[in-house]
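Down below is the structure, laid out as structure tokens.
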Amino acid sequence: MDITRIDRNFSTEPPDGNGFLFRDVKQPPFRIEGLAWYNENGGEWYRLPKSFTEAEVNAGALRLAGHTSGVCVRFRSDSPQLSIRAKLANGCDMNHMPRTGSMGFDVYRKIPGGRLLHNRTLRPDPGAVEVKAECGKNPDRLLCDWVIDFPLYGGVEKVEIGLQEGSTILPPRPHKAPHPVLFYGSSITQGGCASRPGNTYCAMLCRELDAEQINLGFSGCGKGEIAVARAIGKLELSAFVMDYDHNAPSPEHLEATHEPFFRAVREAQPELPIVILSMCDIRSYVLHTDKMTAPARREIIRRTWRHAVDSGDRNVYFVDGETLFGKRMYDACTVDGCHPNDLGFYRMFEHVLPVLRKALKGKR
């Protein structure tokens, strides 16, 4: 039976002039990851439940949910080359972040017996709405695992992957972690200002642990609304990383929301490993913003952790943000005193990894 006669979504157009056959990534055997409510939302590129209203979640977060931070497509293929053809829904060309990070696609390849390593990056031109470029090389035609990370700050309308005619394409292998690791937080969580999508601390952690990433970072808009906590509590997760210190507009707001947010998730999932972070750039915050409230904010977050531990919770962990950039040359870790560059994200990854690995122990 020719399935394309029944469902045209399975059909492909003839190969282009370079021999690439393009397929929509929403169709099997491709697997879209990073969209926790993908089916509920009718297959839209949207990181929160579409049912949320401004009465429950701030308007900024609802807009930023259309950005594709943490979203990726996974598959296996022996194609000697890969190409991407994409239509961007919106661009985010910022003055402190490379376009390769905000609007680019990152391609990773894992050869049999090897590790998942960076292969190529798609670099959109200024103002580009439609992009098409070769994005992967596999000269030995090995059957490889492929991961393509989507833009951190732009949205997409359609993404197609081009494989050389005659190549094999298969579903991806299962992750080692049985369920996703979810991150909730600020612009730093969303990925500002990594040079490419795979260089955020969230992405590096999930690559190292072989887990699906769900990124609920919202620049300036991760404000700890209880509706988001309740939605997170309904998901099947391997771990939850809570990192929205920076987006609480005041210590009072942080105190009013932080422990209730944690408790809403914990009550829904008593055994879920939860890692709580305070702001990574506290030294700069003290120097340039507010030396009085920074320690107070950290203490509010530490208190959430302490109350949980004192009540018998053995699946909650606290990471002091002051440790995240390390002791040496910590001032080289940001682009603006706040948002990490690639060095900053790598150091965050280094310091969170042992905590998250311990949290996942027994969950893999």
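The values are calculated or read from the model by the stated rules, or taken from the named source; none is laboratory data. Since the structure is predicted, the reported quantities are computational estimates derived from the model, not experimental observations. Cβ atoms come from the backbone with ideal geometry, glycine included; neighbour counts cover every protein chain shown.
Return the residues of segment 48-86 that are surrounded by fewer than 17 Cβ atoms within 10 Å (Cβ to Cβ) and either at pLDDT below 95 or out of contact with any Asp or Glu (no Cβ under 9 Å at 6 or more places or on another chain) (or both); say none if nothing qualifies.
THR53, GLU54, ALA55, ALA59, GLY60, ARG63, listed by residue number.
Report whether or not TYR244 is touching a residue at least 60 places away in the same chain (Cβ under 8 Å) and crowded, with 24+ Cβ neighbours inside 10 Å.
It is true that TYR244 is touching a residue at least 60 places away in the same chain (Cβ under 8 Å) and crowded, with 24+ Cβ neighbours inside 10 Å.
How many residues does segment 122-164 hold that are touching a strand residue (DSSP E or B) at 6+ places or on another chain (Cβ under 6 Å), surrounded by fewer than 20 Cβ atoms within 10 Å (Cβ to Cβ) and at pLDDT below 95?
Matching residues across segment 122-164 total 5.
Does segment 119-126 include one or more residues that are touching a residue at least 60 places away in the same chain (Cβ under 8 Å) and hydrophobic (A, V, I, L, M, F, W, C)?
Checked against the condition, which is being touching a residue at least 60 places away in the same chain (Cβ under 8 Å) and hydrophobic (A, V, I, L, M, F, W, C), segment 119-126 yields no hits at all.
Would you mind finding the one in ASN41, ASN18 that is within 21 Å of the chain's Cα centre (by Cα) and over 15 Å from TYR153 (Cβ atoms)?
Just one listed residue meets the conditions, ASN41.
Does MET279 qualify as being over 30 Å from SER102 (Cβ atoms), hydrophobic (A, V, I, L, M, F, W, C) and modelled with pLDDT under 95?
Spelling it out, it is not the case that MET279 is over 30 Å from SER102 (Cβ atoms), hydrophobic (A, V, I, L, M, F, W, C) and modelled with pLDDT under 95.
Every residue, every condition in (1) more than 29 Å from ILE232 (Cβ to Cβ); (2) touching a residue at least 60 places away in the same chain (Cβ under 8 Å); (3) not in a loop (DSSP other than H, G, I, E, B), yes or no:
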| position | (1), (2), (3) |
| --- | --- |
| ASN39 | no, no, no |
| PHE52 | no, yes, no |
| THR68 | no, yes, no |
| VAL73 | no, yes, yes |
| LEU82 | yes, yes, yes |
| GLY101 | no, yes, yes |
| GLY136 | yes, no, yes |
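Suppose we filter segment 319-330 for residues that are touching a helix residue (DSSP H, G or I) at 6+ places or on another chain (Cβ under 9 Å), surrounded by fewer than 21 Cβ atoms within 10 Å (Cβ to Cβ) and either modelled with pLDDT of 90 or more or farther than 21 Å from ARG297 by Cα (or both); how many remain?
Here the count works out to 5.
Scan segment 336-364 residue by residue and report those that are surrounded by 16 or more Cβ atoms within 10 Å (Cβ to Cβ), of a type in the set (A, V, I, L, M) and in contact (Cβ under 8 Å) with a residue 24 or more places away in the chain.
Result: MET348, VAL352, VAL355, LEU356, ALA359, LEU360.
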